[in-house]
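Enquirer: Below you'll find the structure I mean.
Every number here is computed from the coordinates shown, using simple stated rules; none is lab data. As the structure is a prediction and not an experimental result, all values here were calculated from the model. Here the Cβ is made from the backbone with ideal geometry for all residues, glycine too, and neighbour counts use every protein chain on show.
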Number of protein chains: 2
Amino acid sequence: MGLPLLAVACCALLAFVARPHCAEAAKARHFKWEISNIFWSPDCEEKVVIGINGQFPGPTIRARAGDTIHVELKNALHTEGVVIHWHGIRQIGTPWADGTAAISQCAINPEETFTYRFVVDKPGTYFYHGHYGMQRAAGLYGSLIVDVAEGEEEPFKYDGELNLLLSDWYHESIHTQMVMLSSKPFRWIGEPQSLLINGRGQYNCSMAAAHTPGATQCPATAVNRQCAPVVLPVLPNKTYRLRLASTTSLASLNLAIGNHKLTVVEADGNYVDPFAVDDIDLYSGDSYSVLLTTDQDPSSNYWVTVGVRGRLPKTPPALAVLNYRPNAASKLPSLAPPVTPAWDDYAHSKAFTYRIRARAGTPPPPATADRRIELLNTQNKMDGGIKWSINNASMVLPATPYLGSLKLGLNKSGLAAPAPAPDTFSHGYDLRSPPANPNTTAGPNVYALAHGATVDVVLQNANALAANVSEVHPWHLHGHDFWVLGYGEGGYRGDAADEARLNLRDPPLRNTVVIFPYGWTKIRFVADNPGVWAFHCHIEPHLHMGMGVVFAEAVDRVGEVPKEGMMCGATTSALINGGHL
Amino acid sequence: MGLPLLAVACCALLAFVARPHCAEAAKARHFKWEISNIFWSPDCEEKVVIGINGQFPGPTIRARAGDTIHVELKNALHTEGVVIHWHGIRQIGTPWADGTAAISQCAINPEETFTYRFVVDKPGTYFYHGHYGMQRAAGLYGSLIVDVAEGEEEPFKYDGELNLLLSDWYHESIHTQMVMLSSKPFRWIGEPQSLLINGRGQYNCSMAAAHTPGATQCPATAVNRQCAPVVLPVLPNKTYRLRLASTTSLASLNLAIGNHKLTVVEADGNYVDPFAVDDIDLYSGDSYSVLLTTDQDPSSNYWVTVGVRGRLPKTPPALAVLNYRPNAASKLPSLAPPVTPAWDDYAHSKAFTYRIRARAGTPPPPATADRRIELLNTQNKMDGGIKWSINNASMVLPATPYLGSLKLGLNKSGLAAPAPAPDTFSHGYDLRSPPANPNTTAGPNVYALAHGATVDVVLQNANALAANVSEVHPWHLHGHDFWVLGYGEGGYRGDAADEARLNLRDPPLRNTVVIFPYGWTKIRFVADNPGVWAFHCHIEPHLHMGMGVVFAEAVDRVGEVPKEGMMCGATTSALINGGHL
């Protein structure tokens, strides 16, 4: 990974001492990665995971705002394609580098190398992950952290930094999981076996068994460093920035630290108006920075608990140790681990979510929108299986990536153009009951967006197939941040009462937003980044079951697309026949 | 699969009654297949297998000599490419349809469709299987049976026909198996859990427990038809043609039928001089037809046993029932299942193998060869792992299929041409000991063959990495049948004594041939079929570990290659830049 990383390491060490003076000439950061299946023991049970350069999670990328990242990715899997999505990076001008198979590029074939090149234009806490099949759930992810540009300052002060990439982990392989989810009759994959912190967890034992009825104490010293307990070393009376991100397959999470408050300062790479909380929700796809001051009894260590929200938690919480130095890291905290809120305490979740507002200085949204797209989220049946669908179409992806086929205008020369997806649904739909007609169909779910248009999207939740069930869904938009204008209960009507609920003054900018059970969420963004962008539920099995749409945004304005990413399907034929990307 | 199959079914029913009169207009047989991972219970344990049209094994293709087979193959796997090799079909004029990933074509990407089109020019017992990664071992295989052309007769008589496709089955997924075999340190995958007959077996129980010490009796009635015991219905005093083929991943097999002799009449789609045996060896890649006369006590049924040869068998034998009608199929045979020969009774194996001679009328080999290629088979170490290598190079396949890259002459425009592989090895090599220097390197192992040349290949066996171990390897050649000239013990010297061992009078034509421990095997073929052809050990883990070479045969004479099979790697770039296949 060469010299740039050394430079980064140097800057990271000096981060809060001398950042503005840290000499750093290189603005292009080069990484050489090889993707392969490896044996690993994320929770002390050995399984096959997708590793990068032989490790799990993948290496952390650290850069400064404005830098260009080059990742030369070799696929060393035996029979599987691969792509990597840079979650939260808007890919301004580089939509081909967004890393969504069948949308922004062809999956990279085994033995092939593809180079991602993109600018990290904005400081913040990001991550990257596979975006083909369910490869994220196989462990293909890592952190991407962008510091402020040389000479600039974060708008808050801290003495040190800790990074926590949160995930969940299934013992069943993703191949089996994908077969289950596509089975007729449908087979649900169940809850993950473990929660992981920085790729490490403990299965079938607890680090705090004394406080956990029925649990076995994990071995005092880790037998395997791959599943060693995570220790966060801190000094007393300092302020730390905790970078938190969730790349879970299924679980919504909550993180709490015994006796410590957390001050939220960043969400999805955007500064927010600081506010203090006892615990913090993280849905899959979310990232946050929180400040923590080590103002508690320094003779003790403290538990960090990560627990499940939104689903009856069959997965035990993950624990880490906040280690007040010079206490031994192995010194067990005297207090019990904090208990995260009850899984179904939605009032708590909403209270947290509604408190997130943009920091002063964040650009406000345009006052009005040019278009409103209303997306009804339903669970449905199809051909004997179960799907999620949007406005009654369950998303299926094509063999030829949209970015290539739309840019080449292949629909004009034989390839079927994706039918326009509907901007709304019947407002007579009974959101509180299982679908009266549960059958759905497959669809491309493509929305063409005009360049520069201000687009509102209303995500409308509903009842699933079972009575009295409505799930939380975190929706993630590629290529953009959006303003979160507001949330409501029941059906969105767009009337004065609904409009009154919206925040047009200081709505936070995000790339991921949640819809609560039986509720709606309204977002706004400006279609100023030509490309083809996925917008989907970030829960891996839900996306696999069709819960997403595609925004084809001013594709005629997309600049040159490297043909290396379009060597599949109809794009290749078109290129061979003289087409130009 | 449409009308042609109906016609085939009709002809099959009438096969020995009225074959010459069975009206069959269609000579092009069209099949539409979809490949996907499915749940299946080959040995009553449910696993994920690769199925075709939702079934395992794949559908049997039945055709007549001279017919053209069209298989429109859709890859419905989620993230994996796929190809299918038509084992034993020479693909005269259609080398692009041979179905070897990275050699004859690009793997077909998910959601893509590729159409194989080829002539089955010769009657015989064949099969098809995956040829990418270890997908054959995941269950991607089926039978391909070619009857004589309309109006022609087989050179032997029979009253009915039974088809037995033999395989072995691992409970560990091929993804895990591939990681194991590529691990450093190396991890061996062990022996298969079960042997399967027509895709069905019994794990952890025996159908003949009364005769099997320590075994549990399998349920009398199959709980799951996917692993129901195979019953072969016959009438007394008839002669049946048993079509046998082995597509095992690892196991060498022997088949015996209680109280019945078998008369061998066909091997690998070539007629042989008939001879009677009590049992028959089948190495992976072999196919045979044997005649069986139902001349035993008709009040009884009889066991068919399939046991392991060549390795200490940790896998219990598979059993089927030869059901003399009108006895009930469920009537257990009164005799114990026949015991197949001891795994290490090589004298028995050799005696059988050496008896195979061509039927009169089979074309004889040219009297002399233009070139002799000697291939030393060794087990080696590489970068902390274990490999098999040929003349000290372990085969690795490229990202761009050879058929495309060589035909386009890409080596002249940037793509590295494969270095010529050596035609021989040091004859001072100590075949009886582990390699003195066990280290090997990776190589393309490509041999360019001149058009029309008569080529001899000597396959030389040696000691593996462990002392006193030399394994059996069945080598399979694509694109050709070859004459099996002879076998010898120890090192081949090519002297008068070795030459005296050869059979130039009536050597059998085969596509698969075995090398015995510490021995050599010599074959001859004429390079009259332009294409790029794999030649490799048919043991799936051995091939994965590099045990193979590639014959690039008069590629300048290859006719048009459909570009649909070359949409990957450097071939695509070349096509985009104006290259023509």
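Enquirer: Of all DSSP beta bridges located in the protein assembly as shown, what percent are antiparallel, nearest 5?
Expert: 70 percent
Enquirer: With a/c under 1.5 counting as rounded, go ahead and sort chain B into rounded, prolate or oblate using the C-alpha gyration tensor (a ≥ b ≥ c being the square roots of the eigenvalues; past the cut-off, prolate if a/b is larger than b/c, else oblate).
Expert: rounded
Enquirer: Which cross-chain or sequence-distant (5 or more) residues have an amide H under 5 Å from the amide H of B:ASN380, H modelled 1.01 Å from N in plane?
Expert: Residues meeting the criterion, in which the H sits 1.01 Å from N, are B:LYS387, B:TRP388, B:SER389.
Enquirer: So which trypsin sites (Lys or Arg not before Pro) in segment A:99-193 end up in coil per DSSP with only 12 or fewer other C-beta atoms within 10 Å?
Expert: Passing sites in segment A:99-193 are A:LYS157.
Enquirer: Taking B:LYS563 as the anchor, which aspartates and glutamates have their alpha carbon closer than 15 Å to its alpha carbon, excluding any fewer than eight residues away along the same chain?
Expert: Of all the aspartates and glutamates, those that pass the test against B:LYS563 - Cα under 15 Å, at least 8 places apart if same chain - are B:ASP98, B:GLU112.
Enquirer: What residues have an amide H closer than 5 Å to that of B:PHE127, excluding those fewer than 5 places away on the same chain, when H is modeled at 1.01 Å from N in the peptide plane?
Expert: B:HIS87, B:LEU144
Enquirer: Give the long-range amide H neighbours of A:ASP286: residues separated by 5 or more places, or on another chain, with amide H under 5 Å away, using H modelled in the peptide plane at 1.01 Å from N.
Expert: A:SER246
Enquirer: Just the ratio, please: alpha-carbon radius of gyration of the protein assembly as shown over 2.2 N^0.38 Å, N its number of residues.
Expert: Against the compact-globule rule of thumb, the ratio is 1.01.
Enquirer: Taking the alpha carbon gyration tensor of segment B:196-346, what are the square roots of 5 times its eigenvalues, largest first, to the nearest whole Å?
Expert: With the √(5λ) rule applied to segment B:196-346, the semi-axes are 23, 20, 14 Å.
Enquirer: Rounded, prolate or oblate for segment B:341-459? Axes are the square roots of the Cα gyration tensor eigenvalues, ordered a ≥ b ≥ c, and the cut-off for rounded is a/c under 1.5.
Expert: Because a/c hits 1.5 or more and a/b fails to exceed b/c, segment B:341-459 counts as oblate.
Enquirer: For chain B, what are the DSSP H helices with axial Cα length of 20 Å or more and mean Kyte-Doolittle hydropathy of at least 1.6?
Expert: Qualifying helices, which must be both long enough and hydrophobic enough, do not occur.
Enquirer: Ok, one more. If R0 is 45 Å, what FRET efficiency do you get for A:ARG187 and B:HIS211 from their C-beta distance, rounded to 0.05?
Expert: The value I calculate is 0.70.
Enquirer: If you don't mind, there's one more thing I want to ask. Rounded to the nearest 500 deg cm²/dmol, what is the calculated helix-only ellipticity per residue at 222 nm for chain B, with -39500 (n - 2.57) per DSSP H run of length n ≥ 4?
Expert: One gets -2500 deg cm²/dmol as the mean residue ellipticity at 222 nm.
Enquirer: To the nearest Å, what is the center-to-center distance of segment A:423-478 and segment B:68-85, using C-alpha atoms only?
Expert: The distance from the Cα centre of segment A:423-478 to that of segment B:68-85 comes to 34 Å.
Enquirer: About the Cα centre of segment A:227-331, how large is the charge dipole given +1 on each Lys and Arg Cβ and -1 on each Asp and Glu Cβ? Please answer in debye to the nearest 20.
Expert: For segment A:227-331, the charge dipole is close to 380 debye.
Enquirer: In addition: Within 10 Å of each candidate Cβ there may be at most 14 other Cβ atoms; applying that plus a DSSP loop requirement, which trypsin sites (Lys or Arg not before Pro) in segment A:302-354 survive?
Expert: For trypsin sites (Lys or Arg not before Pro) across segment A:302-354 that sit outside H, G, I, E and B with at most 14 neighbouring Cβ atoms in 10 Å, the list reads A:LYS314, A:LYS331.
Enquirer: Continuing with this model, one more query. Step through the table entries A:LYS32/B:LYS381; A:LYS238/A:LYS331; A:LYS74/B:LYS381; A:LYS74/B:LYS314; B:LYS47/B:LYS331, compare each Cα-Cα distance with 28 Å, and write down the pairs that go over it.
Expert: A:LYS74/B:LYS314; B:LYS47/B:LYS331
Enquirer: Going by Cα centres, segment A:296-369 and segment A:250-292 are how many Å apart?
Expert: Using only Cα atoms, the two centres lie 6 Å from each other.
Enquirer: In segment B:395-480, which trypsin sites (Lys or Arg not before Pro) are in a loop and have at most 15 other Cβ atoms within 10 Å, using DSSP for the loop call?
Expert: Taking segment B:395-480 and a limit of 15 other Cβ atoms within 10 Å, the loop trypsin sites (Lys or Arg not before Pro) found are B:ARG432.
Enquirer: Here is a follow-up. When each copy gets a label point 7 Å from Cα toward the beta-carbon at A:ASN259, what are the spacings between them in nm, shortest first?
Expert: The answer, with the shortest distance listed first, is 8.5 nm.
Enquirer: Where in segment B:359-381 does the amide nitrogen come within less than 11 Å of the point 7 Å from the Cα of B:LEU465, taken along Cα to Cβ?
Expert: B:379-381
Enquirer: Quickly work out the B:GLU564-to-B:GLU46 label distance, labels modelled 7 Å from Cα along the C-beta direction, and quote it in nm with one decimal.
Expert: Spacing of the two 7 Å Cα→Cβ label points: 3.6 nm.
Enquirer: For B:ALA276, go 7 angstrom from Cα along the Cα-to-Cβ vector, then report the distances to that same point in the other copies in nm, smallest first.
Expert: Nearest first, the other copies' label points are 9.8 nm away.
Enquirer: Place a +1 charge on the Cβ of each Lys and Arg in the protein assembly as shown and a -1 charge on the Cβ of each Asp and Glu, then give the dipole magnitude about the Cα centre in debye, rounded to the nearest 20.
Expert: Value, rounded to 20: 240 debye.
Enquirer: May I ask which residue of B:ALA320, B:GLY66, B:GLN379 lies farthest towards the positive end of the charge dipole of chain B, with charges of +1 (Lys, Arg) and -1 (Asp, Glu) on Cβ and the Cα centre as origin?
Expert: The one lying farthest along the dipole's positive direction is B:ALA320.
Enquirer: Obtain the nm distance between the two label points defined at B:LEU312 and A:ASP556 by a simple spin-label model: each point lies 7 Å from its Cα along the Cα-to-C-beta direction.
Expert: For the pair B:LEU312/A:ASP556, the computed spacing is 7.4 nm.
Enquirer: For a quick protection proxy, order the peptides A:361-373, B:387-399 by their average other-Cβ count within 10 Å, most packed first.
Expert: In descending order of packing, they fall as B:387-399, A:361-373.
Enquirer: Can you list, shortest first and in nm, the gaps between the label point of B:THR113 and those of its counterparts in the other copies, using a point 7 Å from Cα in the C-beta direction?
Expert: For B:THR113, the other copies' label points sit at 3.7 nm, shortest first.
Enquirer: For a label point 7 Å from the Cα of A:SER330 along Cα→C-beta, name the residues of segment A:203-233 whose backbone N is under 15 Å from it.
Expert: A:218-225, A:228-231
Enquirer: May I pose another question? Antiparallel as a % of all DSSP beta bridges within chain B, to the nearest 5?
Expert: The answer is about 70 percent antiparallel.
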